[in-house]
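One structure below.
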Amino acid sequence: MTKNIILLFLFGFVSFSNFSQQRRTLVSGQITDSVSVVKNANIINLKTNQGTFSTDNGEFRMFVSKGDSLRISSIQHITRFILINKKDINNKSISIRLRDNTVVLDTFELKRHNLYGRLGVDSKRVPTNKKDSLLGVLMDFSKINMKVIAPDDQIDNMKPPINNVDPTARFAGVGASAVIPFKASARLWALRKELARKKAFPYQIMSELGEKFFFTQLKIPVERYFHFLEYCNSLGIEDLHRDKKLLDIIKVFQTESKTYLEIIKKE
């Protein structure tokens, strides 16, 4: 009988100890830094996985017990861990101070410039942005009005020279006037038309579709514009342009731009 009473007493004492450890107290706290209070800070009790955020006054409330560990994090501050002690439980309040998260920038080289310090003069000497500068160097669009649709290639409207050479002239005897025929004139004329069309194609397609289509929608880098056209040329975009199939060209650009961007990203 006595043995049973002792076991019952020990069991009750252990249960009361466990209950005391699991019992939690509502504690109020405030988070500050070197300047003022910290709002929207994330507070998590790592033992219970319960969390909350600090108010605009840097205040928060949370159920804790002795031995709990709190993690306090904020975007602009260094994450801090707090161990709850008996004093925090008795006072039912806690003050937490965070340190600012200092960002160190990479070193840079300051080069000399040719500016005069006068806004009216310097604004005319410096390009408005990087894209305009690259376009001026790579594509020379300064003399091209992008709002005007390019007319049809005038070379297509021209006819190759007619060879009026007498085919029997080469059999003329000695002393007769003979004219040497230019047999390759038609082939060379066709080649000239093709080369002129290839040269004008990048500027014509840019005039028709616009900068926004290539550099904003497709996200093609400005300096890669010509390379992208060459990449798509195997799909016959120049032939489609000659046949005035602009919608087909747009579909090719939209499809191939995704693969092209992945390729140059790996380079």
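For the condition hydrophobic (A, V, I, L, M, F, W, C) and modelled with pLDDT of 90 or more, Val64 qualifies. Quickly run through the range 84-103 and pick out the residues that are basic (Lys, Arg) and surrounded by 11 or more Cβ atoms within 10 Å (Cβ to Cβ). Scanning the range 84-103 gives Lys92, Arg97, Arg99.
Total residues in the range 50-106 satisfying the condition of being hydrophobic (A, V, I, L, M, F, W, C) and farther than 13 Å from Gly29 by Cβ: the figure is 7.
Filtering the range 53-81 to residues that are among the β-branched types (Val, Ile, Thr) and under 16 Å from Lys92 (Cβ atoms) leaves only Val64. Within the range 24-55, the set of residues being of a type in the set (D, E, K, R), farther than 18 Å from Arg99 by Cα and surrounded by fewer than 18 Cβ atoms within 10 Å (Cβ to Cβ) comprises just one member, Lys47. Being in a helix (DSSP H, G or I) and free of Cβ contacts under 8 Å to residues at least 12 places away in the same chain is the filter; apply it to the range 218-254 and report the residue that is nearest to the chain's Cα centre (by Cα). In this case the residue turns out to be His227. Residue check: His227 meets all listed conditions (1) crowded, with 17+ Cβ neighbours inside 10 Å; (2) closer than 16 Å to Tyr203 by Cβ; (3) out of contact with any Ser or Thr (no Cβ under 7 Å at 6 or more places or on another chain); (4) not polar (S, T, N, Q) but one, namely (1).
The values are calculated or read from the model by the stated rules, or taken from the named source; none is laboratory data. Because the structure is a prediction, the values reported are computed rather than measured. Don't worry about glycine lacking a Cβ; one is built from the backbone with ideal geometry, like all the others, and counts go over all protein chains shown.
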